[in-house]
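Trainee: Take this structure, written in structure tokens, and hold onto it; I'll ask about it next.
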Amino acid sequence: MKTTLKIQVLTLFFSLAGSLLYGQSAADNAAKPAGNIPLKKLSLYSSGMAFFEHGITVEGRTVLVLPFQYGALNDALKSLMVKDPGSAEGPLLGYASANASGGGIKVQAADLSASPGLPEIIGRLKGEELSVELSRIRENTVSGAEKITGRVLAVERRENLSGGEYWLSLLGPEGMRQIPFRQIHSFSFGNPLIQQDFNKALDLAMAESKTRREGREITVELQGSGKREVSISYVIPAPVWKISYRLNLAGDSAHAGSLQAWAIIDNDSDADWDQVELSLRAGRPVSFVQNLYPPFYLERPVLPLSIAGYAEAESYDQGMAASDSLTGPVNSMMKRGSGASPAYESAEDMTAPLPRAGRSPANQGGEPEVFDFTFAKPVSIKARSSAMLLLADSVLECRKILIFSGQKALSSSINPRLGLEIKNSSGLRLPAGPVSINDSGYAGDALLDYLSPDEKRFISYGEDLSVMGNGTASSSRILSGVTLSQGLIHITRKQILERSYKIKNSGNEKKTIVIEHPISRGAVLTEPPSFDEETSGLYRFERTLPADSQFAFTVKEEIPLYERIGLVSSSQDTLLSWASNLEVSSRVRSGLQEAFRLREAADSAQTKAGEISNRRNALLAEEERFRKNIETFGRDSAEGRRYIERLLSLNSELDSLSAERTAAETEAKEARETYENYLNSLELE
């Protein structure tokens, strides 16, 4: 009986599915399925997407079926476009919802959406009746099965030395029993409705798994009339098309090579590409996935009943009329820029390679927005197959060179790289890809970045073992200028960075070598006076390496260093050091020597004033001691009268010192002002 009912239900389901899929009903059977829709155009992108365009001739009202893999549904719904010139109402698109295949995989009593384990499934059914059959394992055999029936009280995890295990608490007629899940051999529910719900949830899970394996179909109902051409296009993920090059140097010309560019294309779909107009596009368009296929539900906040609760106290700011709105100036901190020179903490900071903004002609990387290769003839590729198609077969200008890395040579002796300077004379824009080099046989592999027409680029494909080189680095500082201005001494130094490269050619023929020297941060090239090429972080110097000889090459760079010292607050030692420095000009030295003399006079006057002040302070302390002794012995005692006499004499001396201190402080102040005014008026170079 159950089997018969299931067959009847399935028959009804497929009958309804066919009606929905093709738009047919008993009253209207005018819509007819079109079968497979021919693929006319295909554009593969290097970003991992593909543009498909199907074309078909239809007549009257027609329903078309488009199958998609599950992972492509979101992109298909985001990009699918239908052009039907014979339809005024527009096409209707339909597909089975994600929930139709058990998108939630949950029913009233069973929720399998998160792939729960047995403890979680039973733990969600607290209070339900459960029958559990236990097994006892003795000597690796199962025996003595026991059946327990009760209501689910709790499921808990208990930690132990082996990591922990789950326990089930059942409340039965004989009380509560606690059972480890490892002893549960089988179980069943007392409520048949729960068992039915579990069967439904498992059916939904199976349906969703099938949908993920087999995908979904989107139906396109065309409501037009008459015979017409209809096109349907969309963008979905596809394998990235790849490119590889073959460069043959073994030709008649020493400055040219034969280049072949091959595209590798993968058809991972279940449909053949038969006589398709194929374009290969390179570029980096923005691409993202948005979940348009599964239904989306918004969570709403839970608000209290309108009759419940109380109003909270609030305070309000003072209001302003529209004419009083704040329209003040922008925060000055947002406008302020920093004009300070970069500070270098050590020589290592100064010699670090410089990341420069922009790109030089020798290193103009980056691809244009989009460019494509369109094949002149239609292309056919079987389902689940791949193909290699020839994109270009042309001649490139190329020149053999050796590429020597100055940065690597500082740490160890190295062999320069076997390289080529190539110029894209093919007239095509060449995407990035690997290059297999042939020079009277296989010579090596290279990597080619994107190359515009007529652009030059270096590539390397091996090492020249007959050439060896290394490098040494040194650094020194020299004083290049000292000026005085407004009380400040401005000091300019030069950090001299020198790198020497020694390269030995043990071969019996001369070679062209390009030395790549890392540009130091903030440095200016002084030797040699010019470079042959510059990249974002390298100078390139091209030189001829004689046969069977050693070659030396030196690069010098200068980094200007600036220092500023406030002379007014500096010490006498600092003044004396610069006043006696023979590297400083005679005018600046004379000015500093006079400043040193005035500084000495000011410091001497200040010292004299300080000494007088110290003496006066000592007498004041003595005076205080005398007054306390007079209070102790009394004014009429012999000792008291003696202290009174000494106090009178001390007061006379204090009066004299006060006048001296005032004169000394005035002299010190005038001497300091003379010194500071002199410094602030100096303008010497």
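What follows draws every value from the coordinates through simple rules; no lab data is involved. Just so it is clear, the model here is predicted, and its values are computed rather than measured. Because the Cβ atoms are built from the backbone with ideal geometry, glycine has one as well, and the counts that use them run over all protein chains shown.
Trainee: For SER656 and SER476, what is the calculated FRET efficiency with R₀ set at 45 Å and r taken between the beta-carbons, to the nearest 0.05? Before the final figure, lay out each step's value.
Mentor: Values: r = 61 Å, r/R0 = 1.35.
So the FRET efficiency works out to roughly 0.15.
Trainee: Normalise the Debye intensity by I(0) for the stretch 467-566, one equal point scatterer per Cα, no solvent, then take log10 at q = 0.18 Å⁻¹ and round to two decimals.
Mentor: Values, matching the q order: -0.87.
Trainee: Could you list the trypsin sites (Lys or Arg not before Pro) in the stretch 369-416 that lie in coil according to DSSP, counting only those with at most 16 other Cβ atoms within 10 Å of their Cβ?
Mentor: Values: sites: LYS382, ARG384, ARG399, LYS400, LYS408; in loops: LYS382, ARG384.
The qualifying sites are LYS382, ARG384.
Trainee: Right, next: Subtract the Cα-Cα distance of GLU563 and GLU534 from 0.36 nm times their separation in residues, and report this length gain in nm to one decimal.
Mentor: Values: separation 29, 0.36 × 29 = 10.44 nm, distance 3.05 nm.
In short, 7.4 nm is gained.
Trainee: Amide H neighbours of LEU391 under 5 Å, at least 5 residues apart or on other chains, H built in the peptide plane: list them.
Mentor: Close amide H contacts, sequence-distant or interchain: ALA261, TRP262, ALA263.
Trainee: Length gain on complete extension for the stretch ASN614 to SER394, per 0.36 nm per residue less the alpha carbon to alpha carbon distance? The partial results should precede the final answer.
Mentor: Values: separation 220, 0.36 × 220 = 79.20 nm, distance 9.64 nm.
That pair, ASN614 and SER394, stretches by 69.6 nm at full extension.
Trainee: Which of the peptides 649-657, 573-581 is most tightly packed, and how do the rest follow, judged by the mean count of other Cβ atoms within 10 Å per residue?
Mentor: Numbers: 649-657: 13.1, 573-581: 15.7.
Output ranking for 649-657, 573-581: 573-581, 649-657.
Trainee: Still on this structure: Amide H to amide H under 5 Å from GLY444: which residues, 5+ apart in sequence or cross-chain, H placed 1.01 Å off N in plane?
Mentor: Here ILE437 satisfy the definition.
Trainee: While we're looking at this one, here's another question. HN-Hα J couplings of the stretch 557-570 from phi, Karplus 6.51/-1.76/1.60, θ = phi - 60°, integer Hz, Gly and Pro as x?
Mentor: Listing the rounded values in order: 10, 10, 10, x, 10, 10, 9, 10, 10, x, 6, 4, 9, 7 Hz.
Trainee: Can you tell me the FRET efficiency between LEU465 and ARG246 if r is taken as the Cβ-Cβ distance and R0 is 22 Å, rounded to the nearest 0.05? Walk me through the intermediate numbers first.
Mentor: Numbers: r = 25 Å, r/R0 = 1.12.
Efficiency at R0 = 22 Å is approximately 0.35.
Trainee: For the stretch 460-471, what does the Karplus curve 6.51 cos²θ - 1.76 cosθ + 1.60, with θ = phi - 60°, yield as ³J(HN,Hα) per residue in whole Hz, taken in order and with x for Gly and Pro?
Mentor: With coefficients 6.51, -1.76 and 1.60, one gets 10, 9, x, 10, 8, 6, 8, 10, 9, x, 8, x Hz.
Trainee: Checking the a/c ratio against 1.5 first, then a/b against b/c, what shape does the Cα gyration tensor give for the stretch 519-566?
Mentor: On the way: a/c = 4.15, a/b = 2.33, b/c = 1.79.
It comes out prolate by the Cα gyration axes.
Trainee: Quote the FRET efficiency, to the nearest 0.05, computed for GLU622 versus THR666 with a Förster distance R0 of 25 Å and r equal to the Cβ-Cβ distance. If you can, show how the numbers build up before the last one.
Mentor: Numbers: r = 26 Å, r/R0 = 1.03.
Rounded to the nearest 0.05, the efficiency is 0.45.
Trainee: Something else: In Å³ and rounded to a whole number, note down the convex hull volume per residue for the Cα atoms of the stretch 572-684.
Mentor: Taking only Cα atoms, the stretch 572-684 has a hull volume of 92 Å³ per residue.
Trainee: In addition: Near the amide H of GLY462, under 5 Å away, which other amide H atoms are found, from residues 5 or more places off or on another chain, if H is placed in the peptide plane?
Mentor: When sequence neighbours closer than 5 places are left aside, the close amide H contacts are LEU418.
Trainee: Does the stretch 129-190 come out rounded, prolate or oblate by the C-alpha gyration tensor, with a ≥ b ≥ c the root eigenvalues, rounded set by a/c under 1.5 and, if not, prolate when a/b is larger than b/c and oblate if not? Mind dumping the intermediate values first?
Mentor: Values: a/c = 2.20, a/b = 1.14, b/c = 1.93.
In terms of gyration-tensor shape, oblate.
Trainee: What's the extension gain from GLU685 to GLU542 if we count 0.36 nm per residue and subtract their Cα-Cα distance?
Mentor: 47.3 nm
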